[in-house]
Structure formats: C-alpha cells, structure tokens
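Every number in this text was worked out from the coordinates using simple rules, so none of it is lab data. Computed from a predicted structure; not experimentally measured. Cβ atoms come from the backbone with ideal geometry, glycine included; neighbour counts cover every protein chain shown.
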C-alpha cells in the first residue's frame, strides 16, 4: 500500500540514516512531500495521530475508511509533522532535516483527479 511506503518508508529511512549523519559536517536529510500536506487537516485527526504514533496495524484498518483525497493527504501531513519533530531532536546532533513541498504538477495522477466527477477541477 502506498501509504506505508510514503510515510513509514520515509520515516524508517530517516531514522535508519540518522546515526550515520550524526557529527558529520553539513549532514542533512530531505523529505519530498506534497503541497496537499497543508490542506484541510485537523491536527487531532486520528489517522495522522496513528501514523505519528507508528501504529501500522491501526493505520491499515483506518485507511479503508478514508476517501481517496484523505488517503493521499493525511500521510503527507503526518510526514511533515514527523520531520518537524525530528528537527527538534536532530538539530543538537548537528543534523538538519527538511521537507520540500512542491506545488502541483500535471501528472497522470493529477489528471485523474481533474477527470474525477466527484473531485474535479474545483479541487485544484
């Protein structure tokens, strides 16, 4: 499932690489997220809290209840928050961690959103 690659894969990679970066000059990790991470998100959203808590089993259950937009947006929002949390921990270790949040690009996935009668052009 893409949720697990996008969120848990990214967080796992960051955490796995951190020890190798500690104490190295100009050490930096960068997460590529999405501008959708900042839209229509409740900071107490149960799915986001489950992601941040590392509860993969709960996330597997919860994702089935989400619409396509939320299933895309919420893990990205959680990833931005996970990066911010790590920044607080990593900074004193000499490691920077940042998120790049690009704008929308017309890709096949975005075209599917535009063509979707429920989401359509008004969502863009």
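Kindly provide the helix-only [θ] at 222 nm of the chain, computed as the sum of -39,500 (n - 2.57) over DSSP H runs of four or more divided by all residues, to the nearest 500 deg cm²/dmol? Value at 222 nm, helices only: -14500 deg cm²/dmol. Checking [x] 14, 44, 33, 9, 1, 0; [y] 12, 32, 19, 7, 8, 10, 7, 4, 1; [z] 12, 40, 32, 13, 3, 0 against the coordinates, the calculated P(r) over Cα pairs in 10 Å bins from 0, in percent falls under label [z]. Whole Å is fine, so just give me how far the alpha carbon centre of region 1-39 lies from that of region 93-108. Here the two parts' Cα centres lie 10 Å apart. Label separation (residue 52 vs residue 105): 2.9 nm, computed from points 7 Å beyond Cα along the C-beta direction. Per-residue extension of 0.36 nm, minus the Cα-Cα distance of residue 17 and residue 89, leaves a gain of 24.5 nm for this segment. Relative to the longest principal axis of the chain, what angle (0 to 90°, nearest 10) does the C-alpha long axis of helix 68-90 take? Helix 68-90 and the main axis of the chain meet at about 10 degrees. Could you state the angle between the C-alpha long axis of helix 10-21 and the longest principal axis of the C-alpha atoms of the chain, as a value from 0 to 90 degrees rounded to the nearest 10? Once rounded, one gets 20 degrees. Calculated FRET efficiency, residue 119 to residue 38, Cβ-Cβ distance, R0 = 22 Å: about 0.80 to the nearest 0.05. Here the spin labels are modelled as points 7 Å beyond Cα on the Cα-Cβ line, and at residue 112 and residue 66 they lie 1.5 nm apart.
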